[in-house]
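Okay, so here's the structure we're looking at.
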Amino acid sequence: MSPRTCRVLAVVFTVAALGSVVLVVVDLAVGRPVAGDLFIVFLNGLAAVILWMLARRT
């Protein structure tokens with residue numbers, strides 16, 4: 001995978017993780033369970049970290 005592709009995907013997953021954090025806050029505000037959204041935050045964050053590491057390595 002090219003470094004540019006890794007950087008683009010890293011940005012996409014970083015934005016997705018931040019958007020998921022916003023959903024968690026909204027869920028807390030309206031009293032909904034946040035477990036599913038926290039799981040998505042974790043997965044998006046993990047993907048972003050791995051992709052940033054790959055982009056930095058190459």
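The values are calculated or read from the model by the stated rules, or taken from the named source; none is laboratory data. Given the structure is predicted, the values throughout are model-derived calculations rather than measurements. For neighbour counting, all protein chains shown are included, and Cβ atoms are generated from backbone atoms with ideal geometry for every residue, glycine included. In case anyone asks, the SASA skips ligands and DNA or RNA and just uses the protein heavy atoms, side chains included. Shrake-Rupley method; radii C 1.70, N 1.55, O 1.52, S 1.80 Å.
What number of residues in the range 4-34 are over 15 Å from L51 (Cβ atoms) and not in a loop (DSSP other than H, G, I, E, B)?
The number of residues fulfilling the criteria is 12.
Determine whether M1 is of a type in the set (A, V, I, L, M) and outside any helix (DSSP H, G or I).
yes
Those residues that are in contact (Cβ under 8 Å) with a residue 40 or more places away in the chain, open to solvent by 70 Å² or more (accessible area, probe 1.4 Å) and within 16 Å of the chain's Cα centre (by Cα), I need them from the range 18-58; list them, please.
W52
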